[in-house]
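The values are calculated or read from the model by the stated rules, or taken from the named source; none is laboratory data. The shown structure was predicted, so the numbers you read here are calculated from the model rather than taken from an experiment. Note: ideal-geometry Cβ built from the backbone for every residue, glycine included; neighbour counts use all protein chains shown. Surface accessibility is based on the protein's heavy atoms, side chains included, excluding ligands, DNA and RNA. Shrake-Rupley method; radii C 1.70, N 1.55, O 1.52, S 1.80 Å.
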Amino acid sequence: SSTHSISEKLQTNFGIRAQNHSTYNSFTSGNVGINYYLNPRFAISVGLAKSFRAPDATDLFGYGGNDKLNPEESRTGEISIKYRVSDKESFVGSLFHNKITNLIESDGTKMQNINKARINGIDISYVKYVNNNRFDIQYTYQEPKDQTNNVILSRRPRNRLIGNMTLFLKNSQSIGITTMYESSRDNSIYDANQLGGYVLVDANYTRDIQGYEIGFK
């Protein structure tokens, strides 16, 4: 991978990875991106990426496993707007498009490859520091579409909201609380069951002691 500054306003980055899988042969993945600063506080970035995921042991041999699965391949495009309000406040908004072939999904009894799938969405994040506190919030809306069967992909929520507060204390200590909400989603394209939305709350404590970080969650 490499990052290159063409000018004070324009930066490029790219990466490439060659994989040789013992079962699924060779595959080349990578990414390329452009970041352009309209001014020191406001930037626009565009990125393209290609990725590969081989079926894991659960997909192949777990409950409902299928040892005839093919690997997933995806192509992602994203455009982002980044605005730094101040040294202690920033905002990022992104539009993304993800096209997947051979997506691995369950048909209710057995894992299978869906020929084509598409995920379009928007991602918004906001970060602000107040004294020794960090507050950040992230919201994602997505439309996950199974294009082969013309339905919404199973077990993928349309809405996700994550809020986090971190308090930085003396002696390299910190306390954090994270709350995540995900909306309801379909259980499977082959039944009418709905999985309910939920809220998950995490609390954590970390401390740096002589170069070692100790944490509880």
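Some observations on this one:
- Restricting the calculation to alpha carbons of the chain gives Rg and Dmax of 20.9, 56 angstrom.
- Fully extended contour minus Cα-Cα distance, from Thr178 to Asn70, at 0.36 nm per residue: 35.2 nm
- Rh (Kirkwood; distinct C-alpha pairs) - the stretch 46-143, Å: 16.0 Å
- Pairwise FRET efficiency - Asp87 versus Asn171, Cβ, R0 = 35 Å, nearest 0.05: 0.90
- Accessible carbon and sulfur surface of the chain relative to its total accessible area, %, 1.4 Å: 53 percent
- Theoretical gain in end-to-end length, Ala192 to Ser26 [0.36 nm per residue, Cα-Cα removed]: 55.8 nm
- Accessible area per residue, Å², the stretch 1-120 with all protein chains present, probe 1.4 Å: 64 Å²
- The residues of the stretch 152-217 expose on average 68 square angstrom of accessible surface per residue, using a 1.4 Å probe on protein heavy atoms.
- Sites Ser1 and His97 - FRET efficiency at Förster radius 30 Å, r taken between beta-carbons, to 0.05: 0.85
- Longest to shortest principal axis, alpha-carbon extents of the stretch 97-205, angstrom: 55, 26, 19
- A 1.4 Å probe, protein heavy atoms only, puts the accessible area of Leu195 near 60 Å².
- Spin-label proximity, Ala203 to the stretch 148-174 - amide N less than 14 Å from point 7 Å beyond Cα toward beta carbon: 165-167
- Beyond 25 Å in Cα-Cα separation lie the following of the pairs Lys99/Lys217; Lys9/Lys145; Lys9/Lys82: Lys99/Lys217; Lys9/Lys145.
- Scanning residues 5 or more positions from Leu153 or on other chains, those with amide H under 5 Å from its amide H are Lys145, Asp146, with H placed 1.01 Å from N in the peptide plane.
- Spin-label model, Ile214 to Arg17: label points 7 Å out along the Cα-to-beta-carbon direction sit 3.5 nm apart.
- Placing a label point 7 Å from the Cα of Ile79 along the Cα-to-Cβ direction, the residues of the stretch 1-22 whose backbone N falls under 18 Å of that point are 11.
- Inter-part distance where the stretch 102-124 and the stretch 34-64 are each reduced to a Cα centre, Å: 16 Å
- Sequence of Lys217, Lys50 when ordered by accessible area, the most exposed leading, probe 1.4 angstrom: Lys217, Lys50
- Largest accessible area first, the residues Asp146, Asp56 order themselves as Asp56, Asp146 under a 1.4 Å probe with ligands, DNA and RNA left out.
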